Amino acid sequence: MALNQSGWRPSAPQQGEGVAATHTGNKALMLEEALIFEIGDEHTTGVDFAPGDVAGSRLGNLTRKSPIGLPGLSEPETVRHYTRLSRQNYAIDLGLFPLGSCTMKHNPRLNERMARLPGFADIHPLQPVDTVQGALGVINELAVWLIKLTGMHGVAMSPKAGAHGELCGILCIKAALEKRGEGHRKVVLVPESAHGTNPATAAFAGFTVEDIPATAEGRVDTEALEARLGPDVAAVMITNPNTCGLFERDLKRISDAVHAAGGYVYCDGANFNAIVGKVRPGDLGVDAMHINLHKTFSTPHGGGGPGSGPVVLSEALSPFGPLPFTERYADGHITLVEEESVDDRHPDSFGRMTAFHGQMGMFTRALTYILSHGADGLKQVAEDAVLNANYILRSLADTLDAPFAGSGPCMHEAIFSDAGLAAGFSTIDIAKALIDEGFHPMTMYFPLVVHGAMLVEPTETESKAGLDQFIGALRSVAERAKAGDASLKTAPHFAPRSRLDETLAARKPVLVWKEPAPVAEAAE
Ligand SMILES: *Cc1c(COP(=O)(O)O)cnc(C)c1O
């Protein structure tokens, strides 16, 4: 058999080629599993209760007349049901997860160990402040590190995700403008190379969003941006590194121009892992920037896992940050500032974004990550993230179109387009075939400035051997797409379910299970 450069088979064998389908529908030890409603019934239960004293119902005529139809399983059946489903999932603990912009990287187990210490895991947000000094110390020390790493003045710790952090920063800007009597500034400029949450945040906060074009090399068109500045512009929101995987080299020049025109600079810092320890956004004139602790400082996320999006603030914006925040007195005692005018020192806070202080588990994990890496280790995080992405970019640039390969080295993400694929083939065919190869697909069709974009973020935690395997798989699949291999159009072939209509699933989700009509009736 011919092997390609990386030792992977150039074309995958088709499912069931010369092999009968199995009687059970299982594929070796990958087991089929029906919905719990299809396998459970109302009469089975994992526990037996002794008949109790029947107290009279206190529900009066509200008592339910018919069973509610919850399916029951025995305990071993329940365990198997959920374990079988969990095996159909993919996770960073199973393999490379190259989703661009998401920074799915290894989560050190040390972080988990620390976050589970009872003094952090078992405390309650309403406990007296004197009983949680250690936890407040963690929040405070993490805050100090974030300020130091970004070269900023203050930090709001409570936002619970990147997009929530964006809202926090924009509300600070709004409050600062209103305080200056310039609440009439209603326009937020968002370059095409920014993340999609940026315009959504600005619009949600009541601003009008205007696009600034990207240059052919994938960066903000600085001249176009400068030309649009004026007395109606509240802020610009710039993602740096941007969604084309490039560093916005003009950021300092842009900040100076925005400040001169009376606006503020919001920087989307979700991709801080590409520059941590190398660049301080404060030096570039940024006024507010969120940091995704769950990306840069690693925590299991995706699938709804917890996020945390502290926002670092410039001196100009710090007074407007949300409550609560920690403050350390000279004697070492830490307090939580919960009220707007404690000692009249915080009269300008725009208010509160969360019920409590933020994500304690995330804070503990992030501080553990920072302390275990140390200043030199954090710098290496950025260097390795960038090195790995450039390795992928340069290794595949002979097979896939890399639109910004000429714009210099990429940052932590490599971007490819669908140019050069056979007629009728698109990015989705490559992504689906990658599932057959055992990889989670990359981010697809984003950013919009690249046709059929494939955004790949390997992160710093993959080994060269792991990257070579991925490169081999992507090369093989891309070659099939260029050669017009029709089997790609129906990939994945080896997954529990084949090609699905995701648009239909998203637009018209079926959220309620209905018992199928009996076959005879259905046939009528
Ligand atoms: C992930 C990401 C966000 C949003 O962060 P969430 O924590 O998902 O809300 C914003 N901008 C960029 C560039 C991102 O990568």
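Which whole-number percent gives the relative contact order of the chain, counting Cα pairs below 8 Å spaced six or more residues apart? Over the chain, the number comes to 18 percent. Counting every pair of alpha carbons in region 110-367, the share spaced more than 32 Å apart comes to 21 percent.
For region 462-524, the Cβ-based charge dipole about the Cα centre amounts to some 300 debye (Lys, Arg positive; Asp, Glu negative; other atoms uncharged). Within the same chain, lysines fewer than 8 places from K148 are excluded, and of the rest, those with a Cα less than 29 Å from its Cα are K105, K160, K174, K179, K252, K278, K295, K379.
Averaged over residues, the count of other Cβ atoms within 10 Å places the peptides 281-289, 384-392, 88-96, 255-263 in the sequence 281-289, 384-392, 255-263, 88-96, highest first. Expressed as a fraction of 2.2 N^0.38 Å, the C-alpha radius of gyration for the chain is 1.12.
Of the accessible area of region 197-311, with the probe set at 1.4 angstrom, what percent is carbon plus sulfur? Ligands and nucleic acids excluded, carbon and sulfur give 56 percent. The mean sequence distance of close C-alpha pairs (under 8 Å, at least 6 residues apart), as a share of the length of region 110-367, puts its relative contact order at 29 percent.
Looking at the chain, the accessible area is 49 square angstrom per residue; that uses a 1.4 Å probe and ignores ligands, DNA and RNA. When the GluC sites (Glu not before Pro) in region 17-105 are filtered for DSSP coil states and for at most 14 other beta-carbon atoms within 10 Å of their beta-carbon, the remaining sites are E17, E32, E42. Computed packing ranks the peptides 236-245, 62-71 as 236-245, 62-71, most packed first, by mean other Cβ atoms within 10 Å. For V155, the residues 5 or more places off, or on other chains, whose built amide H falls under 5 Å of its own are L313. Overall shape: oblate for region 390-474, with the ratio a/c of the largest to smallest alpha carbon gyration tensor axis at 1.5 or above and b/c at least equal to a/b. Take 492-499, 217-224, 23-30 and order them by the average number of nearby Cβ atoms within 10 Å per residue, most first; the result is 217-224, 492-499, 23-30.
Our summary gives region 201-349 a relative contact order of 14 percent, counting only alpha carbon pairs under 8 angstrom and 6 or more residues apart. Rolling a 1.4 Å probe over the protein heavy atoms of region 56-183, with every protein chain left in place, gives an accessible area that is 58 percent carbon and sulfur.
The values are calculated or read from the model by the stated rules, or taken from the named source; none is laboratory data. As the structure is a computational prediction, the values presented were derived from the model and not from experiment. A quick note on method: Cβ atoms are made from the backbone with ideal geometry, for glycine too, and the neighbour counts reach across all protein chains shown. When the accessible area is computed, the model is the full protein with side chains, heavy atoms only, and any ligands, DNA or RNA have been set aside. Shrake-Rupley method; radii C 1.70, N 1.55, O 1.52, S 1.80 Å.
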